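Notes follow once the structure below has been shown.
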């Protein structure tokens, strides 16, 4: 089983991914895969982004400053489109390699892709689960745990599908309005359903 995990900003996708990992699934997330592309000081991605936006988007070591890039692209749809066109072919190749490894070896895999539907990636997965939380809960988590301002949250939300739209398009829903244990219990209930395959799209 290859599962795609998506959801709106701050809904708890990483906690869901960690729950699958703790239960023996192979896991990866798009943010980490993109970070690997960003992290190489003086690498191809750093050079291309610096050519576009100047050396101010680089760290002292010459790697890409992800937060600074986020500030740029979530302010300007044209710049987000540029970044998407640059990143997504590389991300797609990385994902296909990881998914291919799971399929060859008969391993279950769960992959967290925040912009899964926006990127048209749903066809890469056997099923898709969307993580959902009430807007006020999501925003409080982002303010408290990631130090985002309300303005930053609104900018990022405006560049994604609404949380409800992701929920409607997914095969399964995980509701994260409670604590971590409640979320893990939902994952525990979902895994046998995924394994048995007694469902239809």
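Laboratory data are not the source of any read-out in this text; all were calculated from the coordinates shown. Computed from a prediction, not measured in an experiment: that's the story for all the values here. Cβ placement follows ideal geometry from the backbone for every residue including glycine, while neighbour counts extend to all protein chains displayed.
Brief remarks on what is shown
- Cα-based helix-to-principal-axis angle, 77-105 vs the chain, degrees rounded to 10: 40 degrees
- Degrees, to the nearest 10: 44-53 long Cα axis against longest axis of the chain: 60 degrees
- Across region 62-91, no residue has a backbone nitrogen under 11 Å from the label position 7 Å along the beta-carbon direction of residue 154.
- C-alpha long axis of helix 180-196 to longest principal axis of the chain, angle in °: 60 degrees
- If you take the Cα centroid of region 1-45 and the Cα centroid of region 154-168, the two points sit 18 Å apart.
- The relative contact order of the chain, computed from alpha carbon pairs under 8 Å that lie at least 6 residues apart in sequence, is 36 percent.
- Anisotropy class assigned to region 60-201 is oblate, per the alpha carbon gyration tensor with a/c at or over the 1.5 cut-off and a/b no larger than b/c.
- With both residues required to sit in region 27-175, DSSP beta bridges show an antiparallel share near 10%.
- Comparing 129, 119, 30 in a Gaussian network model of the chain, where Cα atoms under 10 Å apart are tied by springs, the biggest mean-square fluctuation is seen for 119.
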